[in-house]
1. For segment 81-123 and segment 10-40, compute the distance between their C-alpha centroids and round to whole Å.
2. Please state the relative contact order of segment 18-123 as a whole percent: Cα pairs under 8 Å, 6+ residues apart?
3. For the chain, which whole-number percentage of the solvent-accessible area (1.4 Å probe, protein heavy atoms only) is attributable to carbon and sulfur atoms?
4. Does segment 19-73 come out rounded, prolate or oblate by the C-alpha gyration tensor, with a ≥ b ≥ c the root eigenvalues, rounded set by a/c under 1.5 and, if not, prolate when a/b is larger than b/c and oblate if not?
5. List every residue whose amide H lies under 5 Å from the amide H of Leu86, counting only residues 5 or more places away in sequence or on a different chain, with H placed 1.01 Å from N in the peptide plane.
6. Going by average Cβ neighbours within 10 Å, how do the peptides 3-9, 61-67 rank, with the highest at the top?
7. Using the Karplus curve 6.51 cos²θ - 1.76 cosθ + 1.60 with θ = phi - 60°, what ³J(HN,Hα) values do you get for each residue of segment 9-26, in whole Hz, with x for Gly and Pro?
8. Excluding ligands, DNA and RNA, what is the solvent-accessible area per residue of segment 1-85 at a probe of 1.4 Å, expressed in Å²?
Amino acid sequence: QVQLVESGGGLVQTGGSLRLACAASGRTSSTYFMGWFRQAPGKEREFVAGISLSGGREYYADSVKGRFTISRDNAKNTVYLQMNSLKPEDTAVYYCAARKVFYSGQPGSYDYWGQGTQVTVSS
């Protein structure tokens, strides 16, 4: 079992920045591929970013490329999502998730989820 707890959400103006964190506990998170997803009201949950076990490879949705950066610190069992140049369309609940080893952009393929943290970008 892996427990995931997100933090760092909040209200920010367009163009602002936020840094989300996802703290993992339980089985060592270093054996899990970690992803960030988001879900806006009335929309499906969508992949935002993912990072490989060692942190050597990153994956991004086209909508956030160049603005968001995912990173991980396996010594702290924490994954981060640095979000810059935020837009109103980034408003959503952001979730971190874990799955064994390999990349996937499909939410249904992830084994563990956090409770989510709200990000609101005002125009």
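1. 6 Å
2. Once normalised by length, the contact order is 32 percent.
3. Details: 2960 of 6170 Å².
Carbon and sulfur together cover 48 percent of it.
4. On the way: a/c = 2.20, a/b = 1.44, b/c = 1.53.
Verdict is oblate for segment 19-73.
5. Gly15, Gly16
6. Numbers: 3-9: 17.1, 61-67: 13.1.
Ranking, from highest mean packing down: 3-9, 61-67.
7. Result, ordered by residue: x, x, 9, 9, 7, 3, x, x, 10, 9, 10, 8, 10, 10, 8, 10, 9, x Hz.
8. Heavy-atom accessible area per residue stands at 51 Å².
The values are calculated or read from the model by the stated rules, or taken from the named source; none is laboratory data. Fair warning: this is a prediction, and the values are worked out from it, not measured in the lab. Here the Cβ is made from the backbone with ideal geometry for all residues, glycine too, and neighbour counts use every protein chain on show. Calculation scope for accessible area: heavy atoms of the full protein, side chains included, ligands and nucleic acids excluded. Shrake-Rupley method; radii C 1.70, N 1.55, O 1.52, S 1.80 Å.
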